[in-house]
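Here the structure is laid out as structure tokens; the discussion comes afterwards.
The values are calculated or read from the model by the stated rules, or taken from the named source; none is laboratory data. Everything numeric in this text was worked out from a predicted model, so none of it was measured. Ideal geometry is used to build each Cβ from the backbone, glycine not excepted, and the neighbour counts take in all protein chains shown.
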Amino acid sequence: MSKLKYFYKNTKNLIAAILLIFIVNGQPSYAETRDELNTINLYENTNPSIVSVDVDIADGISSGTGFIVDSAGTILTSNHVIEGHKKIKITLFNGEKYDGQVLSELDNGDFALIKIKPKRYLPVIKLGDSSKVRVGQKVFAIGNPFGFTRSLTEGIVSRVDKEKNKIQTDAAINPGCSGGPLLNTDGEVIGINQSIYNPDNNKSNIGIGFAIPVNLAKNFMNDVKKSN
């Protein structure tokens, strides 16, 4: 076989192999965009600071989300998640489980601080400044909707209600996400996810969720420190 025919034959085989890979995969492989990499890094850096909160109450179990605000094991969550608690179980990102003790509760602000006794110092999430939140900025929510632990959703700030102290977002927030963080693109907490709007009693997300501004939570935590 001449060199020309050999080259032609092998070139056809190479092209056929590339076409086969394309057909099997359905599309070529591309590297992540800069925006995707930012989201991936945000999740990977923040995830270790997020916890699952499962609470034994009189009529069953209340489940929500929380995040670590002190490396010695202090966790912030929503007060309505632990309301009527008999026993609180905290699960860390690595699967470790701890009993939680309530340090302080704030009914009208819907905040609660829970303390655990971890085996080591824990990664702490970064708290942002909710006074700088603007409509249209991109946000992320991490939580445990319907038991699907550590789910990440993305959206924007849809509205800022300063009178009612609520940040409205279309990032998917569902049962189990209460107490979890609403994050900006720097991975800073700007709100604590609290509720959804469900006029037809549908418990699922319809694109209107609410978070409490983090500055109110910081005031709550400062008051707790002063009183101890």
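Remarks
- Criterion violated by Ser227 - all others in (1) touching a helix residue (DSSP H, G or I) at 6+ places or on another chain (Cβ under 8 Å); (2) of a type outside the set (Phe, Trp, Tyr); (3) at pLDDT below 95 satisfied: (1)
- Counted residues, segment 105-121 - those being of a type in the set (Ser, Thr, Tyr) and assigned to a strand (DSSP E or B): 0
Residues are listed down the side, and each one gets a yes or a no for (1) crowded, with 16+ Cβ neighbours inside 10 Å; (2) more than 16 Å from Asp186 (Cβ to Cβ):
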position: Ile116; (1), (2): yes, yes
position: Arg120; (1), (2): no, yes
position: Ser131; (1), (2): no, no
position: Val135; (1), (2): no, yes
position: Phe140; (1), (2): yes, no
position: Thr153; (1), (2): yes, yes
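- Matching residues in segment 169-182 - criterion: being surrounded by 20 or more Cβ atoms within 10 Å (Cβ to Cβ) and either outside any strand (DSSP E or B) or out of contact with any Leu (no Cβ under 7 Å at 6 or more places or on another chain) (or both): Ala171, Ala172, Ile173, Asn174, Gly176, Cys177, Ser178, Gly179, Gly180, Pro181, Leu182
- Residue in segment 148-159 that is more than 14 Å from Ile50 (Cα to Cα), assigned to a loop (DSSP other than H, G, I, E, B) and aromatic (Phe, Trp, Tyr) present: no
- The residue pairs whose first member lies in segment 35-62 and is free of Cβ contacts under 8 Å to residues at least 24 places away in the same chain, whose second member is assigned to a strand (DSSP E or B), and whose beta carbons are closer than 8 Å, counting only pairs six or more residues apart or on different chains, are Ile61/Asp54; Ile61/Val55; Ser62/Asp54; Ser62/Val55.
- In the set (1) assigned by TED's automatic domain parsing to the domain that holds Ala141; (2) out of contact with any strand residue (DSSP E or B) (no Cβ under 6 Å at 6 or more places or on another chain), the condition left unmet by Pro181 is number (2).
Here's the yes/no breakdown for (1) under 19 Å from Thr39 (Cα atoms); (2) among the charged types (D, E, K, R); (3) in contact (Cβ under 8 Å) with a residue 60 or more places away in the chain:
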{"position": "Glu96", "(1), (2), (3)": "no, yes, no"}
{"position": "Ser104", "(1), (2), (3)": "no, no, yes"}
{"position": "Leu127", "(1), (2), (3)": "yes, no, yes"}
{"position": "Arg134", "(1), (2), (3)": "no, yes, no"}
{"position": "Lys138", "(1), (2), (3)": "yes, yes, no"}
{"position": "Ser151", "(1), (2), (3)": "yes, no, no"}
{"position": "Gly155", "(1), (2), (3)": "yes, no, no"}
{"position": "Lys162", "(1), (2), (3)": "no, yes, no"}
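- Scanning segment 195-211 for residues that are modelled with pLDDT of 95 or more and surrounded by fewer than 24 Cβ atoms within 10 Å (Cβ to Cβ) returns a single hit, Phe210.
- Ile192 being out of contact with any helix residue (DSSP H, G or I) (no Cβ under 9 Å at 6 or more places or on another chain) and either assigned to a loop (DSSP other than H, G, I, E, B) or not assigned by TED's automatic domain parsing to the domain that holds Asp70 (or both): no
- Those residues of segment 94-104 which are surrounded by fewer than 17 Cβ atoms within 10 Å (Cβ to Cβ) and part of a strand (DSSP E or B), in sequence order: Lys97, Asp99, Gln101, Val102, Leu103
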